[in-house]
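The values are calculated or read from the model by the stated rules, or taken from the named source; none is laboratory data. Please read these numbers as outputs of a predicted model, since none were measured by experiment. Methodologically, a virtual Cβ is constructed for each residue, glycine included, from the backbone with ideal geometry; neighbour enumeration extends over all protein chains shown. In case anyone asks, the SASA skips ligands and DNA or RNA and just uses the protein heavy atoms, side chains included. Shrake-Rupley method; radii C 1.70, N 1.55, O 1.52, S 1.80 Å.
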2 protein chains.
Amino acid sequence: MADLKRLSFNQITVNSWTLEQAVAGCVRHGIRSIGLWRNKVDQMGLPIAVQLIRESGLAVSSLCRGGGFPAATPQERQERIEDNLRAIDEAEELGAPLLVLVCGAMTGRDLVGSRQMVRDGIAAIEMHARERGIKLGIEPLHPMYTADRSVIVTLKQAREMASQFQAETVGVLIDVFHVWHDPDLYQEIEKTRGRIFGLHVSDWPVPLPDVLLGRTMMDDGVIELARIRCAVDAAGYEGPIEVEIFNQGIWDQPGDAVIELMKRRFVECV
Amino acid sequence: MADLKRLSFNQITVNSWTLEQAVAGCVRHGIRSIGLWRNKVDQMGLPIAVQLIRESGLAVSSLCRGGGFPAATPQERQERIEDNLRAIDEAEELGAPLLVLVCGAMTGRDLVGSRQMVRDGIAAIEMHARERGIKLGIEPLHPMYTADRSVIVTLKQAREMASQFQAETVGVLIDVFHVWHDPDLYQEIEKTRGRIFGLHVSDWPVPLPDVLLGRTMMDDGVIELARIRCAVDAAGYEGPIEVEIFNQGIWDQPGDAVIELMKRRFVECV
């Protein structure tokens, strides 16, 4: 079973909490690491957020999120790139070693072209990330999000995309919800050795109640969590494991109850 | 654009129609081929359905569906196999050259084991299919159906599964809704040359309103239909192209209006 020391609380899991509440919740429950969201940081303002995090003693596992590269016009694409450059700066200030890239929706019906825009977008921000010491984690999303969230939808595709860039800066973030079904999962995890920058866990309930907010708490679904986590570890990953859950039913529950359950399930199932 | 002569009406597209109404609808609208569903055949009774089809002069492009191989106990798995053997016999009687295999849901959390049960199931029915002259088309379903409908979820996986059997009997059915997102789609279509037994078209709307009944009419979504159809043709497929749509909104419309729209969109977009 996974070491509780590796648990990181991705703050979207208790979406009702502000960043201040999320930090206090982590401290209260003995969680040492947090995954931050830019919109939550923005609500508080970056300088105050930086101070809050520093004073809490929490480690930051990642900042969500950059990406969103495909767009219809060159001007829009440039705006997206500039936003990613700002996200890198924010990650550095917050002490987040990793910026998660949700690479972006398809533009029009041009899937091949949209994927090229992702490649071009990463190329445009890689140098800045390296200079700031921020890693970029390409997160393959589930294929059901191809049209409206990410044209990068398999671990193989993310790995091949990352391999076009320097290994210390561009890698892959593995979220079990997005890749558990992949017939080539275990061989792909092994092939991603040296490029695995993060691991997210949650679970896939049956039936899936909703395309966007369907994922659930570990052990309330069918994913072989420990098997995947062990495979990721065996491929050399030793970093934090974030629990990231988008689920209205969980969001409606009191945050402290969610955290307690998350800790228990993490130890029992991950 | 695709030749209207290749259009086959998969009867689920107008789910409110009985088999008798579906056959009459095809004849009325000059459609030469139909894809049948076993539940619709059962409602009428096989002998009457056979006679109806014969008298209509329609070609049958496929029978939906066999598969469903994974199950918790050996007895259940044997029952599934026996049902597939019956489906093969029904296909022969109906003049359907192809039985579509929706390979079945995961049993428990054992994805690898479930996939092995699919392989074993196909092995148990292959000889019977060959003797009856029926092709078996492994249909990779979208990965969002892995847990509850099919553990076969990529074209590569379906192709590799089929390649363990004789090429004249076991191949792949490509449904654009299930595979359009695949980063390896076009190379996989080419690799499936000689094993492509069928092609289904529909479209992926944005956002997808429902996991099960979300797919829509051609051109009302984002799939590059003509591009995929041309790639399938270029890989040597010359057979019928079935329109298969699960969509409550379309099911609620009058069948004749759906058929008219389907024909027009087929010519314009496929």
**Message:** Of everything in the range A:113-127, what is open to solvent by less than 20 Å² (accessible area, probe 1.4 Å) and in contact with a helix residue (DSSP H, G or I) (Cβ under 9 Å, 6 or more places away or on another chain)? Give them in sequence order.
**Reply:** A:Val118, A:Gly121, A:Ile122, A:Ile125
**Request:** Kindly establish whether B:Gly221 is within 9 Å of another protein chain (Cβ to nearest Cβ), farther than 20 Å from B:Gln11 by Cα and of a type in the set (Gly, Ala, Ser).
**Result:** yes
**Item:** Residues satisfying the stated conditions in the range B:13-27, i.e. closer than 18 Å to B:Ile250 by Cα and open to solvent by 10 Å² or more (accessible area, probe 1.4 Å)
**Value:** B:Asn15, B:Ser16, B:Trp17, B:Thr18, B:Gln21
**Fill in**
Matching residues in the range B:77-112 (within 14 Å of chain A (Cβ to nearest Cβ), open to solvent by less than 20 Å² (accessible area, probe 1.4 Å) and either of a type in the set (D, E, K, R) or assigned to a helix (DSSP H, G or I) (or both)) number 1
**Request:** State yes or no: is B:Val258 touching a residue at least 60 places away in the same chain (Cβ under 8 Å), hydrophobic (A, V, I, L, M, F, W, C) and under 24 Å from A:Ala158 (Cβ atoms)?
**Result:** no
**Request:** Identify, by number, the condition in (1) in contact with a Pro (Cβ under 7 Å, 6 or more places away or on another chain); (2) open to solvent by 10 Å² or more (accessible area, probe 1.4 Å) that A:Ser8 doesn't meet.
**Result:** (2)
**Request:** For residues that are in contact (Cβ under 8 Å) with a residue 40 or more places away in the chain, among the hydrophobic types (A, V, I, L, M, F, W, C) and in contact with a Phe, Trp or Tyr (Cβ under 9 Å, 6 or more places away or on another chain), tally how many sit in the range B:1-21.
**Result:** 6
**Complete:** The condition from (1) part of a loop (DSSP other than H, G, I, E, B); (2) surrounded by fewer than 21 Cβ atoms within 10 Å (Cβ to Cβ) that A:Arg130 misses is numbered (1)
**Asked** Does A:Gln78 satisfy being of a type in the set (S, T, N, Q) and more than 25 Å from A:Ile174 (Cβ to Cβ)?
**Response** yes
**Prompt:** Looking at the range A:151-169, which of its residues are more than 10 Å from every other protein chain (Cβ to nearest Cβ), open to solvent by less than 10 Å² (accessible area, probe 1.4 Å) and either touching a Phe, Trp or Tyr at 6+ places or on another chain (Cβ under 6 Å) or under 16 Å from A:Met117 (Cα atoms) (or both)?
**Reply:** A:Ala162
**Message:** Being farther than 24 Å from A:Gly214 by Cβ and not β-branched (Val, Ile, Thr) is true for just one of A:Gly108, A:Gly137, A:Gly104. Which residue is that?
**Reply:** A:Gly108
**Prompt:** Name the residues in the range B:66-76 that are surrounded by 15 or more Cβ atoms within 10 Å (Cβ to Cβ) and in contact with a Ser or Thr (Cβ under 8 Å, 6 or more places away or on another chain), would you?
**Reply:** B:Gly67, B:Pro70, B:Ala71
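Specify which of the listed residues (A:Val211, A:Val243, A:Val172, A:Val201) is within 12 Å of chain B (Cβ to nearest Cβ), closer than 24 Å to A:Ser150 by Cα and of a type in the set (A, V, I, L, M).
A:Val211
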**Request:** Mind telling me which of the residues A:Leu63, A:Leu46, A:Leu36 ends up being surrounded by fewer than 19 Cβ atoms within 10 Å (Cβ to Cβ) and hydrophobic (A, V, I, L, M, F, W, C)?
**Result:** A:Leu46
